[in-house]
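**Q** The structure follows.
The values are calculated or read from the model by the stated rules, or taken from the named source; none is laboratory data. What you are looking at is a predicted structure, and each value in this text was computed from that prediction instead of being measured. Quick reminder, even Gly has a Cβ in these numbers, built from the backbone with ideal geometry, and neighbours come from all protein chains shown. Note: accessible area is taken over every heavy atom of the protein model, side chains too, but ligands, DNA and RNA are not part of it. Shrake-Rupley method; radii C 1.70, N 1.55, O 1.52, S 1.80 Å.
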Number of protein chains: 2
Amino acid sequence: MKKTILTFSGIIFGVLALFQLSHYQITYSHLYSEVVVAIVAVVFLLMGLFIAKKKRQTANEVPSTIDHHKIENLGISKREYEILQKISEGLSNKEIGARLFVSEHTVKTHVSNLFQKLEVKRRTQAVQKAKELNIIA
Amino acid sequence: MKKTILTFSGIIFGVLALFQLSHYQITYSHLYSEVVVAIVAVVFLLMGLFIAKKKRQTANEVPSTIDHHKIENLGISKREYEILQKISEGLSNKEIGARLFVSEHTVKTHVSNLFQKLEVKRRTQAVQKAKELNIIA
DNA sequence: CCATTTTTGGTACTTTCGTATGAGGGGTAA
DNA sequence: TTACCCCTCATACGAAAGTACCAAAAATGG
């Protein structure tokens with residue numbers, strides 16, 4: 001919050017300075033009028049982008065930031081997480097095994113452990129829950 | 001695509017006109033220099049907001065508007081679509097049958113037909129593809 | 001080095017999924 | 001009325017998925 005106030009104070013100050021500058025430049029010398037306009041344009045373009053970004057971050061919600069903390073919380077290991085991702089891509093156990101260079105048996109073991117940690121019974125449920133928990137995209 | 005090109009052409013044209021205007025105003029009359037700067041500022045601020053919005057819509061994703069047209073296009077029937085939704089909720093065929101008051105056999109038939117239309121082999125793939133196609137939330 | 005966790009792999013079994021095929025009833029448009 | 005699609009249900013089979021239980025390398029943390 002403090003950061004936001006400081007940022008916006010800085011922006012307002014900068015904008016006022018810019019206006020003063022443009023006023024001075026345009027009134028007392030005609031040399032760089034296009035430059036002033038260009039600077040104003042760029043600054044306000046960036047401000048528009050910045051404000052839009054801020055608004056999206058605060059108002060809407062963070063669109064799919066993976067919650068690594070929650071993954072740890074659930075005790076999901078690296079390998080299990082990899083497999084979770086493959087499951088969400090719609091791969092079969094056999095295909096996952098082939099991609100990760102392990103046997104289908106191994107994949108099944110991981111999947112079974114994963115389901116216990118996610119408290120689900122099926123891979124479709126696992127995908128749904130994982131997305132709910134923001135642990136996969 | 002055509003729309004995007006037209007829009008951006010319009011924007012570029014507008015910007016060029018604005019620059020010409022500012023040049024004329026500032027060079028040949030000193031009356032409205034602040035006004036010109038202000039206009040430029042506002043226009044570019046709006047442009048920044050617009051571009052940010054566009055970027056979010058294209059890059060990130062449209063915030064989940066279901067494409068009913070595409071559902072028809074694929075020839076997916078009402079019942080099949082209902083079942084697709086249940087699948088995405090992680091339900092088994094038996095559970096889907098219970099919820100829709102039909103036998104598991106019927107569900108299987110629908111599921112099989114659905115997979116052909118979606119060109120997938122597994123329910124996890126179906127969910128993934130359906131979300132890609134924006135036909136489910 | 002020891003304890004623990006992770007990763008790997010297996011057997012055996014049950015359940016669920018998916019396909020093929022057929023079949024009957026209902027609605028709709030040509 | 002016929003042709004066509006949708007929904008329903010069924011049998012049968014093969015293919016995945018999932019569970020239980022076990023075991024042994026390999027990595028990790030003290």
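**Q** Does residue A:86 satisfy the condition of being within 22 Å of the chain's Cα centre (by Cα), within 11 Å of DNA strand D (Cβ to nearest atom) and under 17 Å from residue B:125 (Cα atoms)?
**A** On the way: within 22 Å of the chain's Cα centre (by Cα): yes; within 11 Å of DNA strand D (Cβ to nearest atom): yes; under 17 Å from residue B:125 (Cα atoms): yes.
Yes: the conditions hold for residue A:86.
**Q** Turning to a different aspect of this structure: With B:106, B:124 as the choices, which residue is within 11 Å of chain A (Cβ to nearest Cβ) and either surrounded by 14 or more Cβ atoms within 10 Å (Cβ to Cβ) or within 8 Å of DNA strand C (Cβ to nearest atom) (or both)? Walk me through how you get there before you give the answer.
**A** On the way: B:106 fails: within 11 Å of chain A (Cβ to nearest Cβ).
Matching residue, one of B:106, B:124: B:124.
**Q** Return the residue satisfying two criteria in turn: it lies in segment B:109-121 and is assigned to a loop (DSSP other than H, G, I, E, B) and open to solvent by 70 Å² or more (accessible area, probe 1.4 Å), and of such residues it is farthest from DNA strand D (Cβ to nearest atom).
**A** Quick first cut of segment B:109-121, residues assigned to a loop (DSSP other than H, G, I, E, B) only: B:119-121.
Narrowing the set further to residues that are open to solvent by 70 Å² or more (accessible area, probe 1.4 Å) leaves B:119, B:121.
Values: B:119: 16, B:121: 8 Å.
Ranking the qualifying residues of segment B:109-121, first place goes to B:119.
**Q** Within segment A:129-137, is even one residue modelled with pLDDT under 95, farther than 25 Å from residue B:127 by Cβ, of a type outside the set (Ser, Thr, Tyr) and more than 9 Å from DNA strand C (Cβ to nearest atom)?
**A** No: segment A:129-137 contains no residue that is modelled with pLDDT under 95, farther than 25 Å from residue B:127 by Cβ, of a type outside the set (Ser, Thr, Tyr) and more than 9 Å from DNA strand C (Cβ to nearest atom).
**Q** Let me ask something additional. Among the residues that make up segment B:89-101, is at least one of them under 25 Å from the mean Cα position of the chain (by Cα) and either more than 8 Å from DNA strand D (Cβ to nearest atom) or open to solvent by 50 Å² or more (accessible area, probe 1.4 Å) (or both)?
**A** Yes, there is a match, as at least one residue in segment B:89-101 is under 25 Å from the mean Cα position of the chain (by Cα) and either more than 8 Å from DNA strand D (Cβ to nearest atom) or open to solvent by 50 Å² or more (accessible area, probe 1.4 Å) (or both).
**Q** A follow-up question, please. So which residues in segment A:63-90 are over 15 Å from residue A:106 (Cα atoms) and within 14 Å of chain B (Cβ to nearest Cβ)?
**A** Filtering segment A:63-90 for residues over 15 Å from residue A:106 (Cα atoms) gives A:63-76, A:85, A:88-90.
Correct list: A:63, A:64, A:65, A:85, A:88, A:89, A:90.
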